Amino acid sequence: MKLLIKNAATAIATTCAMSIFSGNYVSAHTIQRSEDSNSNLLAQNSQKQAENLLTSGNRKFQQKDYAGAIVEFSQAIKIDPNFEKAVYNRAVAYDLSGNRQGAIDDYTQSIKLNPRNTNSYFNRATAKEKNGDRQGAMSDLDRVIQLDANYVDAYLNRGNLWLEANNINAAIANFSQVIKLKPNRADGYLNRGLAKYKLADRQGAIADYDLAIKVNANYEFAYSNRAWTKLELGDERGALKDYDRAITLNPNNSFSYYNRANIRRKSGDNSGAISDYSKAIQLDPSNSFAYNNRGVAQKSAKDFQSAINDFTKTIALDPNFAEAYYNRAAARQALKDRSGAVTDFKTAAKLYQQQGNKTKSSDALNLVWQVQNQK
């Protein structure tokens, strides 16, 4: 008696949440200028020399020669250890050259010399955040706002810290203050939209992304975030339109191509999906999801060998990618490679079991049995 066999296992496309962008932290990397003054203090040779070194360091800083600027600022500080401008400027140069701890130390010294320099607190907060000291960063931003209640960027960064700490209401309050002080700050709307999204307020998030775009019609991240949120609400056409715009604004963002490809594949546009997955892979060759999903589109287009190649690449990037084994098994089954299909279905079943997905594990094992008993 001939056993009834499924035509082929359905390939599984995986969508990873690589679509929501939060606003970047901002920095006040503005150096302080030397003063052209005829005061008695500057008339003294040593102080004049320190001022000249500051000017020379500033010139190198503007040329992005941060190492050279640090040398000049250090010489100025050696002449006058209390030369706050040189200390602050060296901190900024350290910061931009990647020496976070050196920057923090100099910002701290700058604060000792000038306790009301809000930029020193603000930049130290940014450096601390990059060093993983979020509590220290929060403390510094609190101090900035105490000294200057209108320091917009401090509210923005403090909102980001609250967002990362999952205190969404505090984050929204800070982003709202950004908007109150500067109604044309698109990043304020973007970040508040993200906070609302995390509260599952999808419509509120879209409303804020709309406002961000109204303020800045070329704000790529706002289009990308709005697209993803629309997609969750079932508005695929609106999402596709927003990804089109995001890609026009930034043709080098692999995530936008990947997400647009998912929409195209779901709507049956395999050719368009394959094109977008290919572009995403070109921009980010480490994106295992893009290889897997391109393989799914290739399989739907009956190009089974290309699909197998993509699933194999997915597995090379992520050996625990259960769907890739399952999908490669399905493609091999379509090419009547029973041995390869059985091996891959078994591996998929084992991985699904390890990952706690008993339903898919059982499904893969059932397919092993069917392929083995196929006449």
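The values are calculated or read from the model by the stated rules, or taken from the named source; none is laboratory data. From a predicted model like this one, the values you see are computed outputs, not experimental measurements. Don't worry about glycine lacking a Cβ; one is built from the backbone with ideal geometry, like all the others, and counts go over all protein chains shown. The area values use the complete protein model at the heavy-atom level, side chains included, leaving out ligands, DNA and RNA. Shrake-Rupley method; radii C 1.70, N 1.55, O 1.52, S 1.80 Å.
What to note about this one:
- Number of positions in segment 317-342 that are polar (S, T, N, Q), out of contact with any helix residue (DSSP H, G or I) (no Cβ under 8 Å at 6 or more places or on another chain) and surrounded by 16 or more Cβ atoms within 10 Å (Cβ to Cβ): 0
- Within segment 278-304, being within 18 Å of the chain's Cα centre (by Cα) and in a helix (DSSP H, G or I) holds for ALA280, ILE281, LEU283, SER288, PHE289, ALA290.
- Number of residues in segment 210-238 that are touching a Phe, Trp or Tyr at 6+ places or on another chain (Cβ under 7 Å) and either farther than 16 Å from TYR258 by Cα or among the aliphatic types (A, V, I, L, M) (or both) equals 6.
- Condition met for ARG100 (open to solvent by 10 Å² or more (accessible area, probe 1.4 Å) and either of a type in the set (A, V, I, L, M) or within 29 Å of THR229 (Cα to Cα) (or both)): no
- Here the condition is being open to solvent by less than 20 Å² (accessible area, probe 1.4 Å) and either hydrophobic (A, V, I, L, M, F, W, C) or closer than 30 Å to ASN123 by Cβ (or both); of ALA205, ALA200, it holds for ALA205 alone.
- Looking only at segment 221-280, and only at residues there that are crowded, with 24+ Cβ neighbours inside 10 Å and acidic (Asp, Glu), the one that is farthest from ARG192 (Cα to Cα): ASP276
- Identity of the residue in segment 352-375, polar (S, T, N, Q) and in a helix (DSSP H, G or I), that ends up farthest from the chain's Cα centre (by Cα): GLN372
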